[in-house]
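The values are calculated or read from the model by the stated rules, or taken from the named source; none is laboratory data. In this text, all values refer to a predicted model and were calculated from it rather than measured experimentally. Ideal geometry is used to build each Cβ from the backbone, glycine not excepted, and the neighbour counts take in all protein chains shown.
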Amino acid sequence: MAIIPGINLPWPILLHALGLLALGLNQIFRRSPPGRVSELTTMLGISTTALALGYLCTAYVPLHQNVFLHASVPVRMLLGTIAGLKLFQVGSGISAAGKVELWTILLYDGFGGVALGWFLGGWGGRIPGAHWL
């Protein structure tokens, strides 16, 4: 299942993590005029990089034990739902670029979360069969 020995992430999630890492580093080190927008872009880049590193740092864990990967399922579906609600709320009061960004989150994270949950066998965020309490 793993395309790289020792990496136990499904290939779409590995591509997702590497894409997030590239996006985050780009946002951090992109040259832009100084100002508040540049500062906010850097903070977004740091957050995006942290998310990517969460996937990559748990990549060695077998799928059936990877709590981070399982927990990301409902989070991604929730992010897609929030993006959809925001699209519904703002209606035509948002720029075309803003609509594209919200649709991207809705489709990418919403369907990505559903697909990952289907692959892992559950959408609740817990590892099936784990009884720690």
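See the values below:
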quantity: Test: residue in segment 17-40 that is free of Cβ contacts under 8 Å to residues at least 40 places away in the same chain, closer than 30 Å to R126 by Cα and of a type in the set (S, T, Y); calculated: no
quantity: Selected residue (criterion: farthest from N8 (Cα to Cα)) from residues of segment 110-133 that are in contact with a Gly (Cβ under 7 Å, 6 or more places away or on another chain) and outside any helix (DSSP H, G or I); calculated: W123
quantity: Within segment 41-50, considering residues that are buried (at least 18 other Cβ atoms within 10 Å of the Cβ) and at pLDDT below 95, the one farthest from G125 (Cα to Cα); calculated: G45
quantity: Qualifying positions in segment 79-99 - closer than 28 Å to G125 by Cα and without any contact (Cβ under 8 Å) to a residue 24 or more places away in the chain; calculated: I82, L85, K86, L87, F88, Q89
quantity: Among (1) modelled with pLDDT of 95 or more; (2) under 23 Å from G121 (Cβ atoms), the one test that P10 misses; calculated: (1)
quantity: Residues of segment 57-79 that turn out to be hydroxyl-bearing (S, T, Y) and surrounded by 15 or more Cβ atoms within 10 Å (Cβ to Cβ), as a count; calculated: 2
